[in-house]
Amino acid sequence: MKSLPNTSFKLIDYPIIYKAYGSRAILMEWPPSIDEAIFEDILCMEATVLKVLEFESCILGYHSLLIVYRDQLKSVADCIQALQQLYTTRVKRQQSAAAHWTIPTCYDQEFGFDLQTMSEDNNISIAEIISLHTAPRYRVFFIGFLPGFLYLGGLDTRLAMPRKANPSLLIPKGSVAIGGLQTGIYPSDSEGGWNVIGNTPISFFDIFKEQPCFAKAGDTLSFEPISKTAYRALEKDILAQKFQLEAQ
């Protein structure tokens, strides 16, 4: 049984840095850490902004929130003052808005072509790598780098692995990989410097869907190990539109 992440955070007034970001945006920066409580505070602030301000978009980072306004800012100082006031009135967001996704993943070395190197460098068996990687529920912090690329927090520190000095020219779509203290899934064929440990046939970005990426910031995600045979069968079902990933 995978444990749910602790979402009963108390609101803390963090020391926020406010910066003009071009002529139409303000960047709010929290203390630089990949931290569940900080991220929850960012989501609370985003929810407050969504209700109050007229803006073009909000862009999340691990410890930042970029607020892009529709028009050029007349006074940066006034905008910052308004955001500072909003921050003092923010309230905890509705936790029910988050979804959990279970991602079937094959860790066979045909897909996890960096498993052996990772095992040797970290002095840990491949079986233990898989066990440690599939144990947590990861938090989706934000989406970036590629459309549908989820930045996940919650990786066991024993699996930390530096990015490759020489990035791979082609990492296949669906590759599950580790870079530093992060894990993620490549939503399309791409160059990349993360260490690949498996693959999922689940598609994380479909331009033809109303919501191209099914997951969002604040959701949780876990990896379910499957055999190569099960992977191939699921791959066929997805192509035949006989499988639909459902939130839990």
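Looking at the range 224-238, which of its residues are part of a helix (DSSP H, G or I) and not acidic (Asp, Glu)?
LYS228, THR229, ALA230, TYR231, ARG232, ALA233, LEU234, LYS236, ILE238
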Turns out the strands (runs of 3 or more DSSP E) fully within the range 112-211 with at least 2 residues that are of a type in the set (Val, Ile, Thr) and over 26 Å from LYS242 (Cα atoms) are 138-143, 195-199
In the range 9-46, anything touching a helix residue (DSSP H, G or I) at 6+ places or on another chain (Cβ under 8 Å) and outside any loop (DSSP other than H, G, I, E, B) is listed as TYR18, ALA20, ILE26, MET28, MET45
Result of the Cβ filter at 6 Å on the range 28-44, keeping first residues that are assigned by TED's automatic domain parsing to the domain that holds TYR87 and partners that are assigned to a helix (DSSP H, G or I), at least 6 apart or interchain, is TRP30/ILE38
Worksheet item: Quick check: is even one residue across the range 193-216 out of contact with any strand residue (DSSP E or B) (no Cβ under 8 Å at 6 or more places or on another chain), among the aliphatic types (A, V, I, L, M) and surrounded by fewer than 22 Cβ atoms within 10 Å (Cβ to Cβ)?
Response: yes
In the range 107-128, anything more than 21 Å from THR220 (Cβ to Cβ), in contact (Cβ under 8 Å) with a residue 40 or more places away in the chain, surrounded by 16 or more Cβ atoms within 10 Å (Cβ to Cβ) and not charged (D, E, K, R) is listed as PHE111, GLY112, PHE113, LEU115, MET118
Within the range 208-248, residues hydrophobic (A, V, I, L, M, F, W, C), over 30 Å from ALA37 (Cβ atoms) and touching a residue at least 60 places away in the same chain (Cβ under 8 Å) come out as ILE226, ALA230, LEU234
Scanning the range 33-58 residue by residue, those touching a strand residue (DSSP E or B) at 6+ places or on another chain (Cβ under 9 Å) and over 12 Å from PHE141 (Cβ atoms) turn out to be MET45, GLU46, VAL49, LEU50, LEU53, PHE55, GLU56, SER57, CYS58
**Message:** For the structure I just gave you, tell me whether ILE171 is under 21 Å from THR102 (Cα atoms), of a type in the set (A, V, I, L, M) and surrounded by 14 or more Cβ atoms within 10 Å (Cβ to Cβ).
**Reply:** no
Of those in the range 44-90 that are within 23 Å of the chain's Cα centre (by Cα) and more than 18 Å from GLU29 (Cβ to Cβ), the residue surrounded by the most Cβ atoms within 10 Å (Cβ to Cβ) is ALA47
Checked pairs for the range 144-165, first in the same structural domain as ASN195 (by TED's automatic domain parsing) and without any contact (Cβ under 8 Å) to a residue 60 or more places away in the chain, second part of a loop (DSSP other than H, G, I, E, B) and among the charged types (D, E, K, R), C-beta under 9 Å and 6 or more apart or across chains, list as MET161/ASP114; LYS164/ASP114
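The values are calculated or read from the model by the stated rules, or taken from the named source; none is laboratory data. Keep in mind it's a predicted model, so treat the numbers as computed, not measured. Methodologically, a virtual Cβ is constructed for each residue, glycine included, from the backbone with ideal geometry; neighbour enumeration extends over all protein chains shown.
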